[in-house]
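K.L.:
One structure, pasted below without further comment.
Every read-out reported here was derived from the displayed coordinates using simple, explicitly stated rules and does not represent laboratory data. Not measured: the values here are computed from a predicted model. Cβ placement follows ideal geometry from the backbone for every residue including glycine, while neighbour counts extend to all protein chains displayed.
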Amino acid sequence: MTQDLEVFRTETRAWLEANCPPSMRTPMTGEDDAVWGGRNYEFKNQEAKLWLERMGAKGWTAPTWPAEYGGGGLSADENRVLQSELKKIGARPALFSFGIWMLGPVLLEYANEEQKKEHLPKIVRGEIRWCQGYSEPGAGSDLAGLQTKCEDKGDHWLINGQKVWTSYANYADWCFCLVRTDTSVKHEGISFVLIDMTTKGVETRPIKLISGSSPFCETFFTDVKAPKHQMVGRLNGGWEIAKRLLMYERTNISGFGSNTRVDVVDLAKKHVGVEGGALEDRDLRARIASHKMTERAYALSVQRAQEEAKAGGNVSHMASMFKVAGATLNQDRCELMVEAAGNRALGWSGEGFSADDIATTRGWLRSKGNSIEGGTTEINLNVVAKRVLGLRDTQ
Amino acid sequence: MTFTLNDDQRMLKDTARDFFREQAPVTRLRKQRDEKKNGRDPDLWREIAGLGLAGVIIPEEYGGAGLGYVALGAVLEESGRTLVASPLHSSALAGASALLLAGTDAQKREWLPKVASGEVIATIAIDEGAHHAPGKSKVKFEGGKLTGAKQYVADGHVADLIIVAGGDALYLVKADAAGVKRRELVTADSRGAADITFEGAAAEKMNGGADVIDAILDRARIGLAAEMVGSASEAFEITSEYLKTRRQFGQVIGGFQALQHRAAKLFTDMELTRSCVLAALDALDRNANNIAEYASLAKARASETVHLASNEMVQLHGGIGMTDEHDAGLYLKRARVTEALYGGASFHRDRYASLLGF
């Protein structure tokens, strides 16, 4: 077994050596370097395109998915080897994808064979970019209060309503969407539907955030017709799928939009000054040290959860805990970076500030979303209290 | 690196857990305290040693079990759960580590088997002021005689063998040697300790300098952090049960979101700290090259966590948490002692920053 893994490591290393283009082995310079794929995606450079094509063909954008659906078919151990080899050469992720992080895992679990065959391979190859139609103006933390109407019209579903905070809906090809199929009940009246964003009646409008960027949209559905086979799972059975998908989402949200190229310690050394090897501002130094400890504790805990999962323990309930801890950690880091950089992190644009300075400012503002998106910190603390600790509302 | 116990370690942990729950629950500490034993419970120590728990990290050639730090950490965690008052940490971990790392062959041969059997209680004497400062020592050693003064030596009042850190050297002193003066301290955690003065006491120099003192201290810190995680976990679980049963306003108070969120945050903090402590114990067993980092990480985080857990235990129990009758106070008092021993959160934050180069 270990020997097989070593063979796999050798082969993987050789393949990466031959197939990972040079520019894909350099650190990403910002969010713009993230490759999201999709029908209309414009690659910043040809090597990024090549890297995605090669990784997609191997199924290594989704290494552990079954090969019959385009995935890599790797075992957890093989995947660990692959990830460590990718890390070793500093390879950029070939694909950023909600399809891989969120939709794929639930399709594998809940979709019928036809749906899996139709959608999974395109996700793996980055051909279709997905967005998430969950929140609505009247259904934020109380997600199950969603009202987007989906009516059975015999040969199709008819969908009317509005979604909000749809990440990158303006670039997405398809949307996985929660809709109301029964108004007489709450959780049991929700279904999970896949909608082609080019369908007549779908409209998106970007929302400008405090960071200046527009990663989210409002999405409007007006008399949108979706073929009947585009419902995943049973009619009114969408809430279970919705929750499962949230679990994957929460595991994946950690530090979106932050300037991870620059380490807070380096930043502080540069701007605060060092005396006898220690940062001159002792108060800031202690807080950075505390943050660095939490960062290490978080990384160790993720590693521990993976080990426990591998040993057969059920760690799915930990997703909310990691979401809370990860969001807090990233926000603390961003705040410390802004503090450490002083007025260098208070620029907005123009030549007076470096690209890294601006990234620090914008990343800090973007990080405010970390404790809101994918379930607020408050909602996730509710989940930990109720599901993990067994504290109940009524007794 | 691994976070999971192997079969031997798991078995030892279960043995310790069962024993402490049955023979040394918190009521035993309470009884010791009420009888003014100040941590003295030779019967309990004999039983603990009889289970082989005093020799967990001591190699078999010296009469121990040679099971390593992860195993001893698991035992200490269980002892922390019921606030077991015994020299387990001082002798089986700190004292034994000092002998293993700094003992000459002769010293190891003479003392390790006795420490492993529990016949001899060893401890380490480090600090000379109100705060942990291993680098500052006025201890002098001349012609085989030791002079100096140590404060708040853990289990110093019951120890037979004292390993004294003297800035850049270590000395082995028998507690009954002429010139060793002990002032027994009655401490908040009811465990007792001692201020010890050495007035030309006969002492043997051990091997190693400041780096070895650091290495010994790191083992003591990591082991103590394991005990602290145990105490924090138990404090949390007792509190959590209370939230599920205490009724006010016609419902259990665990139904109130303000309390749910506090509990959830504390739980998250505890889980993160537990990962650090498990990683630190594992780092000792695989002799990693960054043990110092792990030690400061584990001790700082465990200090913060047990601080929070013990405070929340009092507050969330309301009035009853303020009473001597309830165990919350015992957890609170022991928490502060373990926080301060071998460096608290601020000492280790400072050290961690230095180790990371800022």
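K.L.:
Considering amide H positions built from the backbone, and no H for Pro or chain starts, which residues 5 or more places from residue A:136, or on another chain, come under 5 Å of its amide H?
P.N.:
Amide H neighbours of residue A:136: A:164.
K.L.:
Could you pull out every residue, at least 5 positions away or on a different chain, whose amide H is within less than 5 Å of the one on residue B:185? Hs are placed 1.01 Å off N in the peptide plane, and Pro or chain starts have none.
P.N.:
For residue B:185, the qualifying residues are B:193, B:194, B:195.
K.L.:
Still on this structure: When Lys and Arg each count +1 and Asp and Glu each count -1, what net charge do the other residues less than 15 Å away from residue B:253, Cβ to Cβ, add up to?
P.N.:
Overall, the nearby charge balance is +3.
K.L.:
I've got another one for you. So what does the Cα-only Debye profile of the stretch B:211-355 read at q = 0.10, 0.21 Å⁻¹, as log10 I(q)/I(0), no solvent term?
P.N.:
-0.37, -1.16
K.L.:
Continuing with this model, one more query. Grab the eigenvalues of the alpha-carbon gyration tensor for the stretch B:298-358, scale each by 5, take roots, and send me the semi-axes largest first in whole angstrom.
P.N.:
Details: eigenvalues 174, 21, 7 Å².
Listed largest to smallest, the semi-axes of the stretch B:298-358 are 29, 10, 6 Å.
K.L.:
Between residue A:23 and residue B:287, what FRET efficiency comes out of the Förster formula 1/(1 + (r/R0)^6) with R0 = 60 Å and r the beta carbon distance, rounded to 0.05?
P.N.:
The pair residue B:287/residue A:23 has a calculated efficiency of 0.90.
K.L.:
Provide, for q = 0.18, 0.23 Å⁻¹, the log10 of I(q)/I(0) from a solvent-free Debye sum over equal Cα point scatterers in the stretch B:113-192.
P.N.:
-0.78, -1.19
K.L.:
Given charges of +1 on the Cβ of Lys and Arg and -1 on the Cβ of Asp and Glu, with all other atoms neutral, how large is the dipole of the stretch B:257-306 about its Cα centre, in debye to the nearest 20?
P.N.:
On the way: 6 positive and 6 negative charges, 33 e Å.
Dipole magnitude for the stretch B:257-306 comes out near 160 debye.
K.L.:
Using 7 Å Cα-to-Cβ label points, what is the residue B:202/residue B:31 separation (nm, one decimal)?
P.N.:
Once both label points are built, they end up 3.9 nm from each other.
K.L.:
Oh, and also: What distance in nm lies between label points placed 7 Å from Cα along the C-beta direction at residue A:151 and residue B:177?
P.N.:
Simple spin-label model gives 9.5 nm for this pair.
K.L.:
Using only the Cα atoms, what convex hull volume per residue in Å³ does the stretch A:8-81 have?
P.N.:
Cα-based convex hull of the stretch A:8-81, divided per residue, equals 106 Å³.
K.L.:
I'd like the Kirkwood hydrodynamic radius of the stretch B:7-117, using the inverse of the mean 1/r over distinct C-alpha pairs, in Å. Don't jump to the answer; show the numbers that get you there.
P.N.:
Working: mean 1/r = 0.0706 Å⁻¹.
For the stretch B:7-117, the Kirkwood estimate is 14.2 Å.
K.L.:
Quote the FRET efficiency, to the nearest 0.05, computed for residue B:211 versus residue A:261 with a Förster distance R0 of 35 Å and r equal to the Cβ-Cβ distance.
P.N.:
My answer for the efficiency is 0.45.
K.L.:
To continue, here is another question. Give the aspartates and glutamates whose C-alpha is closer than 14 Å to that of residue A:208, dropping any in the same chain fewer than 8 places away, or say none.
P.N.:
A:218
K.L.:
Can you pull out the GluC sites (Glu not before Pro) in the stretch A:18-122 that DSSP calls coil and that have at most 11 other Cβ atoms within 10 Å? Don't skip to the end; give the middle numbers.
P.N.:
Details: sites: A:31, A:42, A:47, A:53, A:68, A:78, A:85, A:109, A:113, A:114, A:118; in loops: A:42.
Those satisfying the criteria are A:42.
K.L.:
Now for a separate question. Can you sort A:360, B:268 from fewest to most other Cβ atoms within 10 Å of each residue's own Cβ?
P.N.:
On the way: A:360 27, B:268 23.
In increasing order of surrounding Cβ atoms, one gets B:268, A:360.
K.L.:
Could you please rank B:157, B:132, placing first whichever residue has the fewest other Cβ atoms within 10 Å of its Cβ?
P.N.:
B:132, B:157
K.L.:
Under a 10 Å cutoff between Cα atoms, tell me which one of B:316, B:170, B:278 has the largest fluctuation in the Gaussian network model of chain B.
P.N.:
Between B:316, B:170, B:278, it is B:316 that shows the largest mean-square fluctuation.
K.L.:
Next question, about the same structure. What number does the stretch A:90-204 give for Rg over Rh if you use C-alpha atoms and the Kirkwood radius?
P.N.:
Values: Rg = 14.8 Å, Rh = 15.1 Å.
With Rh from the inverse mean 1/r over Cα pairs, Rg/Rh is 0.98.
K.L.:
Suppose we flag GluC sites (Glu not before Pro) only when DSSP calls them loop and at most 10 other Cβ atoms lie within 10 Å. Which is the longest uninterrupted stretch of chain B?
P.N.:
Between exposed loop sites, the widest span is B:36-324.
K.L.:
Compute the Rg/Rh shape ratio of the stretch A:253-388: radius of gyration over Kirkwood radius, all on alpha-carbon atoms.
P.N.:
A ratio of 1.05.
K.L.:
Determine, from the Cβ-Cβ distance of residue A:142 and residue A:207 and an R0 of 25 Å, the FRET efficiency 1/(1 + (r/R0)^6), rounded to the nearest 0.05.
P.N.:
Details: r = 20 Å, r/R0 = 0.80.
It comes to 0.80.
K.L.:
Can you grab the distance from the C-alpha centre of the stretch B:128-144 to the C-alpha centre of the stretch B:276-338, Å, no decimals?
P.N.:
27
K.L.:
A further question follows. If neighbour count is taken as other Cβ atoms inside 10 Å, put B:40, A:25, B:301 in order from fewest to most.
P.N.:
Fewest-to-most Cβ neighbours within 10 Å comes out as A:25, B:40, B:301.
K.L.:
Using alpha carbon centroids, what distance separates the stretch A:320-395 and the stretch A:3-39, in Å?
P.N.:
29
K.L.:
Taking N as the number of residues in the stretch B:265-316, what is its Cα Rg relative to 2.2 N^0.38 Å?
P.N.:
Details: Rg = 12.6 Å, N = 52, 2.2 N^0.38 = 9.9 Å.
Taking N as the residue count of the stretch B:265-316, the ratio is 1.27.
K.L.:
Quick one: which residues, 5 or more positions from residue A:315 or on another chain, have an amide H under 5 Å from its amide H? H modelled 1.01 Å from N in the peptide plane, none for Pro or chain starts.
P.N.:
Result for residue A:315 returns nothing.
K.L.:
Still on this model: Considering the Cα positions of chain B, please state its Rg to one decimal place and its Dmax as a whole number of Å.
P.N.:
Using the Cα atoms of chain B, the pair Rg, Dmax is 20.0, 74 Å.
K.L.:
Report, largest value first, the span of the C-alpha coordinates of the stretch A:129-276 along each principal axis, in whole Å.
P.N.:
Per principal axis, max minus min of the Cα coordinates gives 76, 28, 25 Å.
K.L.:
Next question. Using the Cα centre as the reference, give the magnitude of the dipole from point charges on the C-beta atoms of the protein assembly as shown (Lys, Arg: +1; Asp, Glu: -1; all else neutral), rounded to the nearest 20 debye.
P.N.:
Dipole size: approximately 880 debye.
K.L.:
In units of 2.2 N^0.38 Å, what is the alpha-carbon radius of gyration of chain A?
P.N.:
Working: Rg = 22.2 Å, N = 395, 2.2 N^0.38 = 21.3 Å.
Computed over Cα atoms of chain A, the ratio equals 1.04.
K.L.:
With no solvent and one equal point scatterer placed on each C-alpha of the stretch A:195-310, evaluate the Debye formula and give log10 I(q)/I(0) for q = 0.18 Å⁻¹, two decimals.
P.N.:
-1.14
K.L.:
Only bridges with both residues in the protein assembly as shown count here: give the DSSP antiparallel percent, nearest 5.
P.N.:
85
K.L.:
Report ³J(HN,Hα) in whole Hz for each residue of the stretch B:283-289, in order, from the Karplus equation J = 6.51 cos²θ - 1.76 cosθ + 1.60 where θ = phi - 60°; Gly and Pro get x.
P.N.:
Residue by residue, the stretch B:283-289 yields 4, 5, 5, 9, 6, 5, 8 Hz.
K.L.:
How big is D, in µm² s⁻¹, for the protein assembly as shown by Stokes-Einstein at 37 °C and 0.692 mPa s if Rh is the Kirkwood radius over C-alpha pairs?
P.N.:
Answer, rounded: 114 µm²/s.
K.L.:
For residue B:150, give me every one of the aspartates and glutamates with a C-alpha distance below 15 angstrom, ignoring sequence neighbours fewer than eight places off in its own chain.
P.N.:
Here the aspartates and glutamates satisfying the reach criterion relative to residue B:150 are B:127, B:128, B:184, B:195, B:199.
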